[in-house]
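The structure appears below as structure tokens.
The values are calculated or read from the model by the stated rules, or taken from the named source; none is laboratory data. Note that the coordinates shown come from a computational prediction; the quantities given were computed from them, not determined experimentally. Methodologically, a virtual Cβ is constructed for each residue, glycine included, from the backbone with ideal geometry; neighbour enumeration extends over all protein chains shown. Accessible surface areas use protein heavy atoms only, side chains included; no ligands, DNA or RNA. Shrake-Rupley method; radii C 1.70, N 1.55, O 1.52, S 1.80 Å.
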Amino acid sequence: MIDLKKYQELNRSFRNELVFHIGATSGFYSELNNMILAMVYCLQGRIRFTLYSEDANFKFKKGWNDYFLPFCEEVEGSFHHEYNLRDEDPMFVMRSFFKRTRYVLFRLMHRHTYLTHDVFLNIRSVSFQRALFSFPELGVENTDLRSAAYDIVKMIYRFQPECAHEILSMAASLQLPDAYVGFHIRGGDKITEHHSEDCTAFITKAESLSSLRVGYLSTDEYRIVEVLRQRYPYWTFYTLTEPSEQGFLYKDFAEQCAEDKRKDLIKLFASMEVLKKSTVFIGTFSSNLGMFMGMCKDECYAVDYEQWLVW
């Protein structure tokens, strides 16, 4: 595990800087996964990592620090809201002469500063996924991307005390046994990115790996809970999903008020903690939650891909 204080000291020593915009355009774990990749990229390239979350789509009052303990310097300002885009260069999307001029002036005055779109394609490239990483000051030598990401997650994924209490209380309310299989089956708008997997595949995979017949089911569609309980009566399924949940749609989430977003995120984080503590996890690496889980634990398997990958 990387020591946070050593990381912060090393991070501050770099001359070049990346201001990473989290909570820009996508769901929470999509944004978080890309941030983790960017942190690995910055360590390898000796670039100081800073965060911009002032306008995050998951914001309650502050942004990242609403839910998680700080780990790096954060920047503020309207410039990053408008120009620090996830995967588009503002020069190609800004129509206004004034806005383009402001962007050019920023670039001239901040020659050692990268914005999110400057590195976004690099952190998702095949060459980056296949590279080996060494951060000798942090005790990391010749490790693959998944292992490097695992170290980053252990260092930064730390909840604020109030959130941690809510999350643990919600998870404890399930009264799960010590050993169980964790399932994540994504519904909702995921079909726009990748074909959906038959529920049967998840159970088949679980039964090939474990004799356990108790599962925690994380899903955004309660219909999936009902289907599995009907098809597999010899399994016991626990879930935090409610009957009213009919599939996650990012568009609907983005339109919610801050209080409702926070409520949904706390439940999502509680579900993630339950999955992290499972004996074995079965999901899909083509979902951002599955990709993140692959950076959290070893006993992590998918029904869509044999190996963990950047999605």
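Annotations
- Per-residue 3J(HN,Hα) values for region 47-58, derived from phi via the Karplus relation 6.51 cos²θ - 1.76 cosθ + 1.60 with θ = phi - 60°, read 10, 5, 9, 10, 10, 10, 9, 4, 10, 3, 5, 9 Hz in sequence order (x marks Gly and Pro).
- Taking VAL93, VAL140, VAL274 as the candidate residues, the one with maximal mean-square fluctuation in a Gaussian network model of the chain, Cα springs under 10 Å, is VAL93.
- Percent carbon-and-sulfur accessible area, the chain, ignoring ligands, DNA and RNA, probe 1.4 Å: 51 percent
- Compared with the dominant Cα axis of the chain, that is its longest principal axis, helix 222-231 is turned about 30°.
- Highest GNM mean-square fluctuation among CYS257, CYS163, CYS199, for the chain modelled with Cα contacts below 10 Å: CYS257.
- With all protein chains in place and ligands, DNA and RNA left out, the 1.4 Å accessible area ranks LYS6, LYS59 as LYS6, LYS59, largest first.
- Net length gained if the chain between LYS5 and ARG213 were fully extended (0.36 nm per residue, minus Cα distance): 70.6 nm
- Against the main long axis of the alpha-carbon atoms of the chain, helix 258-276 sits at an angle near 60°.
- Where the chain is the region considered: accessible area per residue in Å², 1.4 Å probe: 48 Å²
- Residues with amide H under 5 Å from that of TYR216, placed H, sequence gap 5 or more: VAL181, GLY182, PHE183, TYR238
- Largest GNM mean-square fluctuation among PHE20, PHE98, PHE28, using the chain with Cα springs under 10 Å: PHE98.
- Using the Cβ-Cβ distance between LEU69 and ARG231 with R0 set to 35 Å, the FRET efficiency from 1/(1 + (r/R0)^6) comes to roughly 0.25.
- Ordering of 30-36, 113-119 by burial proxy (mean other Cβ atoms within 10 Å per residue, highest first): 30-36, 113-119
- Between region 213-259 and region 108-184, the Cα center-to-center distance that results, in Å: 25 Å
- Computed helical MRE - 222 nm, the chain, DSSP H runs ≥ 4 contributing -39500 (n - 2.57), nearest 500: -13000 deg cm²/dmol
- Gain on full stretching of the segment that runs from LYS61 to PHE106 - 0.36 nm per residue minus C-alpha separation: 13.5 nm
- C-alpha long axis of helix 199-209 to longest principal axis of the chain, angle in °: 80 degrees
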